[in-house]
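The values are calculated or read from the model by the stated rules, or taken from the named source; none is laboratory data. Every value quoted in this text rests on a predicted model; they were computed, and no experiment measured them. Note that we place each Cβ from the backbone using ideal geometry, even for glycine, and neighbour counts take in every protein chain shown.
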Amino acid sequence: MAKVLVLYYSSYGHIEQMAEAVAQGARSAGAQADVKRVPETVPEEVAKGAHFKLDQAAPVATVADLENYDAIVVGTGTRYGRMSSQMAAFLDQTGGLWMRGALNGKVGGAFASTATQHGGQETTLFSIITNLMHLGMVIVGLPYSHQGQMNMSEIVGGAPYGATTVASGDGSRQPSEIDLAGARHQGELVAKTAAKLFG
């Protein structure tokens, strides 16, 4: 059974929902899927003042956790077209894993959220994927087998590089069923790929 880690950072809960959907997809393909989040680096009083969602159920990951998985799917909200500083700070601590080649050949994937449709979804996905490739991982995106990303009748997330959602500037838009279906599909594909490589 493939072991999949869904590793995320979520300020307002949008990526938290997407992470759970990725894990559901991985489990549907027979994988063991754990959902963990990276530590919050913003001082608590600042986070409370900005109305961050601080009651997230997922346990906080450590860098040492990563090598215990066959696949790691990383998700974060966008900051100026790139990953959040919280996720970057976590991934910046993986130098020891890189030195040992601990993640070489493992499966990686990315998912993201932006405030607007054109707020840097694809560049954020690439900012994550770049890190995973430096760590030696084999990348699984979100192919057009998830046809929902081609929907033109409503706002939808999704890109060939990973599942996404659009939160709106005030965070009022929650991930749609199409967005969540994309996340589940990517999780399923990651799990199936990991099973082929490590099963």
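So, in the stretch 150-165, how many residues would count as being outside any loop (DSSP other than H, G, I, E, B), among the β-branched types (Val, Ile, Thr) and surrounded by fewer than 21 Cβ atoms within 10 Å (Cβ to Cβ)? Result for the stretch 150-165: 0. Quick check on residue 154: is it modelled with pLDDT of 95 or more, of a type in the set (Asp, Glu) and more than 13 Å from the chain's Cα centre (by Cα)? Spelling it out, it is not the case that residue 154 is modelled with pLDDT of 95 or more, of a type in the set (Asp, Glu) and more than 13 Å from the chain's Cα centre (by Cα). Taken together, the residues in the stretch 27-50 that are under 21 Å from the mean Cα position of the chain (by Cα) and either assigned to a loop (DSSP other than H, G, I, E, B) or of a type outside the set (A, V, I, L, M) (or both) amount to 14. Residues in the stretch 102-124 include at least one that is surrounded by fewer than 20 Cβ atoms within 10 Å (Cβ to Cβ), within 21 Å of residue 22 (Cα to Cα), β-branched (Val, Ile, Thr) and touching a Lys or Arg at 6+ places or on another chain (Cβ under 7 Å). Being surrounded by 22 or more Cβ atoms within 10 Å (Cβ to Cβ) and more than 19 Å from residue 20 (Cα to Cα): is that true of residue 127 here? Yes: the conditions hold for residue 127. In the stretch 20-52, the qualifying residues are those that are touching a residue at least 60 places away in the same chain (Cβ under 8 Å) and under 21 Å from residue 78 (Cα atoms), and the one that is surrounded by the most Cβ atoms within 10 Å (Cβ to Cβ) is 22.
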